[in-house]
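Peer 1: Let me begin by handing over the structure; questions about it come next.
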Amino acid sequence: MQPVDPTQPYDPDNIFARILRDEIPSTRVYEDEWAIAFHDIAPVAPVHVLVIPRGAYVSWDDFSDRAPAEEVAGFVRAVGNVARQLGLVEQGYRLINNIGPDGGQIVPHLHVHLLGGRVMGPMLTPQ
Ligand code: 5GP
């Protein structure tokens, strides 16, 4: 798949928009007024969940620029709620958000990767 161009307008037919509309199946683990969370199709940790806002935002850049404060708060709280609900707080976990080509973003709907269930190791492999 092509990396996301974060300057492009939101594509309402991107894969996560279709998951939000239940046009494509996913294994939801959480939902509230602001966000849903579901298992990543290609997990890289024992727990690998994607948390996405219900609103149409391409990326963290788009979200932090345009989203109303209530929506920002709702989404941030949802990420924390998912981690607590999955029992990850005591052992800890990692959040990752990829933005644009250098960030490695593939899907053009804002998503936070929530990773847990093992020691994550170094943040990045040194180059
Ligand atoms: P990105 O690289 O954009 O930050 O991450 C996109 C993530 O979406 C990847 O980890 C990929 O495995 C996941 N993904 C892509 N398509 C699907 C899908 O159809 N269903 C689910 N559950 N995850 C997907």
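Peer 1: Using 0.36 nm per residue, how much length does the chain from Arg18 to Met123 gain when fully extended, once their Cα-Cα distance is taken away?
Peer 2: On the way: separation 105, 0.36 × 105 = 37.80 nm, distance 3.09 nm.
Fully extending the segment from Arg18 to Met123 adds 34.7 nm.
Peer 1: Over every pair of different alpha-carbon atoms in the range 1-82, take the mean of 1/r and invert it; report that Kirkwood radius in Å.
Peer 2: 13.6 Å
Peer 1: Express in whole angstrom the spacing between the alpha-carbon centres of the range 33-53 and the range 84-127.
Peer 2: 10 Å
Peer 1: Name the GluC sites (Glu not before Pro) in the range 17-50 that are in a loop by DSSP and that have at most 14 other C-beta atoms within 10 Å, would you? Spell out each step's value before the answer.
Peer 2: Values: sites: Glu23, Glu31, Glu33; in loops: Glu23, Glu33.
Passing sites in the range 17-50 are Glu23, Glu33.
Peer 1: Now, a different point. Within the accessible area of the range 15-116, what % is carbon and sulfur when the probe is 1.4 Å and the other protein chains stay in place? Let's see the in-between values first.
Peer 2: Details: 2770 of 5270 Å².
The C+S portion of the solvent-accessible surface of the range 15-116 is 53 percent.
Peer 1: Right, something else. Measuring from a point 7 Å past the Cα of Ala42 along Cα-to-C-beta, which residues in the range 1-21 have an amide N at less than 14 Å?
Peer 2: Under cut-off, by backbone N: 1-4.
The values are calculated or read from the model by the stated rules, or taken from the named source; none is laboratory data. What you see is a predicted model, and the numbers here were worked out from it, not measured in a lab. Cβ: placed from backbone, ideal geometry, glycine included. Neighbour counts: every protein chain shown. Keep in mind that these areas ignore ligands, DNA and RNA; they rest on the heavy atoms of the full protein, side chains included. Shrake-Rupley method; radii C 1.70, N 1.55, O 1.52, S 1.80 Å.
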